[in-house]
Amino acid sequence: MKILFVNPRFPNSLWRLTGITDILPQRCAQTPLGLLTVAALTPPDFDVELQDENVKPLQFDTDADVVAISCWNIQYNRARHIAQAFRKQGKMVVVGGPYPSLCPERFTDGQFDVVFDGEVEITWPQFCDDLRSGSHQALYKQEGNVDITLSPVPRVDLAPRDDYLYYFLQTTRGCPFKCEFCDIIITDGRVPRTKSVDHVIKEIEAVQSVGGIHVSFSDANLIGNMRYAEGLLTAVAEFGRANKYPINFSGEMTINVAEKPRLLQLLHDANFTSMFLGIESPRVASLNETQKRQNTTSPLMESIRKIQSHNMAILAGMIVGFDNDDKDIFREQFEFLQEAGIAFTTSGVLTAIEKTPLYERMEKEGRLIPYDSAQMRGHGSADLNFVPKLMSIEEVQQGYNWLIRSLYKYENYGARLATGVQAFRPEYTRRGRGHVDRETLGILAKTVRHYVFTSDRARRRFFLRTLRQIMWPRPNFEKLDYAISYMISEKHFHDYVDKAHGDPETVADGPFVESAAVEQTWGELSKEYLRKLKREVHPGAMRWVWMRRRLRHAVAVPEAFLKDQVGQRLSNFLSDLGIDVVPVASAALSRIQDKADVLVLPILNKVLKGREELQQAVEHLTEESQKEIKRFRKVIHFPMDQGDGAALEAFARLGLLYTGRVERVQRAYVRAFQ
């Protein structure tokens, strides 16, 4: 009997890091730890195979008897489509993972043959036994938490290094804290359960055996059990010394690690190069509100500097939208991160996840907004699903649009990178670094090509200036590795934010400056703002020569978008500029590339009532037609739910592709809205 394990495609987000695959040889950033663990739980007389849609397209023609799908909430709709396709072929389809465990009721409508609710160290072997006997159940529910010493070494051999950058491992489950918004305490419990240290070392050795060089511990809190963490890190450090530090590590933990000098030293000795911290907010009132009191025992900036002084970069989870947040929080959070030197942040809007204490409080207070958690876009989006206290919904969305674009503007990101490395200490220079092979040289060459050999002056200036600031005055390989790694990541961050929220390089000076100007002079565009865009967007005479030929005066627009009010205004806008509109259905995308060089692609970070058809059309375009989309000479991403400023910029950017006359674009925009 054969089981095919399937990891559905994730929608793009800050975390997915799809933009780095143009530079790195790997096709995907993270291994699917859950599926690799379940594969290891499968009896040896079963054949197993892994297909990860985040690595390459699924092959539905399979000889597998059972298809096992893993599912997070943002994978839900895609998982259903995959299940339907396999069931049409007569395959048994089973589903498990975080979302079926949190909301099993969403999976019992007959789309899946078997549903796993909860951890599967016990129920999966039981299911395999039932398969042999031909009497499986429809639902396998784990009552209570399992002893995770039952969890085997994941089948990392199913995840070749050519496909994955980071290998995820897990040492504990559960977190002792009780943050109001977190679902970990619901699914994993508040008492950290631990694997044996020897077992974890075996998992690390398994990663080493397949050539992995990056391991990220996916524990909700690696230091939830301090005594266990000390023993584990001591063993990992010994593994590094014995093997000449073949792997660098990262993990998620709480910021109170800064209060433990012994742990900080052990993290450095174990070759940890970064850590993810749930800082959430610079406001103590907001931290107390959400019961994140472990972040208030010491000054945040002091804790950050202690960690950075051990030559470890910090990645931060940040949230806006708490009840104690007002309109000033967006600039306050931006300035905090700039001062802290935290380059990578998954800054997002607070979301009340089902069954969390926050959700229950919002429901009790009557503040929930109807929403579908399966339509959430994840990190880097504005998934607000309740009514804020000190701001309107529109203010949260507009403020967040400014914040995320400002954070990933080249000069701001570069400044944070340089600030973060300033705290590094020479005596803590990382061991196990300095090896340069052909792969490393190839990555460096592609990075230089992307940032230096470009017509984008802001991109080139960012790279050269940031590299100089980081390397001076005491250059070493560790600093170079740090700089190149995080500038590769910025490629993805900048591209993602540009597509989802608007160009970071044209963001206004303040969170409500741009939107206020639009509100006061509705139907008019700021000439200064347009000229700023013109310098970036409109090709001059020499660039037309470089581009070989002018763009055809025709723009492809999804049919579903043209039915929307904004799409109708866009059609009027283009017609006024003498540009033809070519309606396109997703299935016909490849057939209209001989008619138009430019494609307009709407971006919705959440599903709004009345726009369900548009959302489905956009998802189909972005998920099923990536090759066709890349063949267009220009793709204009059109934010639909990020405030007037983001939509305004998309209109301007599109118009300025075809004419350098700012006044003409302005008149066309005014008439489109009359």
Study note, to complete from the structure: Unpartnered Cys in the chain, judged by a 4.7 Å Cβ-Cβ cut-off, are 28, 71, 103, 128, 175
Exercise for review: Return the sequence-ordered ³J(HN,Hα) values of segment 213-220 in whole Hz as given by the Karplus equation 6.51 cos²θ - 1.76 cosθ + 1.60 applied to θ = phi - 60°, using x for Gly and Pro.
Suggested key: 10, 10, 10, 10, 7, 8, 3, 4
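What's the whole-number percent of alpha carbon pairs in segment 453-500 lying beyond 17 angstrom?
Working: 451 of 1128 pairs.
Result for the distance tail: 40 percent.
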Point to revise | Residue-averaged 222 nm ellipticity for the chain, from DSSP H runs of 4+ at -39500 (n - 2.57), nearest 500 | key: -12500 deg cm²/dmol
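When only the heavy atoms of the protein chains count and the probe is 1.4 Å, how do 490, 613 rank by accessible area, highest first?
On the way: 490 0, 613 105 Å².
Ranked list, largest accessible area first: 613, 490.
Could you compute the FRET efficiency for residue 143 and residue 210, with r as their C-beta to C-beta distance and R0 at 41 Å, rounded to 0.05?
On the way: r = 35 Å, r/R0 = 0.86.
In this case the efficiency is close to 0.70.
Relative to the compact globular guide of 2.2 N^0.38 Å, what is the alpha carbon radius of gyration of segment 32-139, as a ratio?
Cα Rg divided by the expected 2.2 N^0.38 Å: 0.99.
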Practice item. Could you tell me the largest-minus-smallest coordinate of the C-alpha atoms of segment 198-332 on each of the three principal axes, in descending order and whole angstroms? Key: 51, 27, 24
Study note, to complete from the structure: Checked against the positive end of the charge dipole of the chain (+1 on Cβ of Lys and Arg, -1 on Cβ of Asp and Glu, about the Cα centre), the farthest of 82, 451, 179 is 451
Exercise for review: Set Lys and Arg Cβ to +1 and Asp and Glu Cβ to -1, take the dipole of segment 1-110 about its Cα centre, and tell me which of 38, 8, 59 lies farthest positive.
Suggested key: 8
Exercise for review: Would you mind working out the magnitude of the charge dipole of the chain relative to its Cα centre, with +1 at each Lys and Arg C-beta and -1 at each Asp and Glu C-beta, to the nearest 20 Debye?
Suggested key: 2800 debye
Study note, to complete from the structure: Among 103, 511, 464, the residue whose Cα sits farthest towards the positive end of the charge dipole of the chain, when +1 is placed on the Cβ of each Lys and Arg and -1 on the Cβ of each Asp and Glu, is 464
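Keeping all protein chains in place, calculate the accessible area per residue for the chain (probe 1.4 angstrom), answer in Å².
Per residue, the chain has an accessible area of 42 Å².
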Review point. Could you give the nm distance between label points at residue 369 and residue 226, where each point is 7 Å from its Cα heading toward the beta carbon?
Key: 4.1 nm
Review point. How many percent of the accessible area of the chain is carbon or sulfur, using a 1.4 Å probe?
Key: 50 percent
Practice item. Grab the alpha carbons of the chain, take their convex hull, and tell me the volume per residue in Å³. Key: 158 Å³
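The values are calculated or read from the model by the stated rules, or taken from the named source; none is laboratory data. All values derive from a computational prediction rather than experimental measurement. So basically every Cβ, Gly included, is an ideal-geometry build from the backbone, and we count neighbours across all protein chains shown. Heads up: the accessible areas ignore ligands, DNA and RNA and are worked out on the full protein's heavy atoms, side chains in. Shrake-Rupley method; radii C 1.70, N 1.55, O 1.52, S 1.80 Å.
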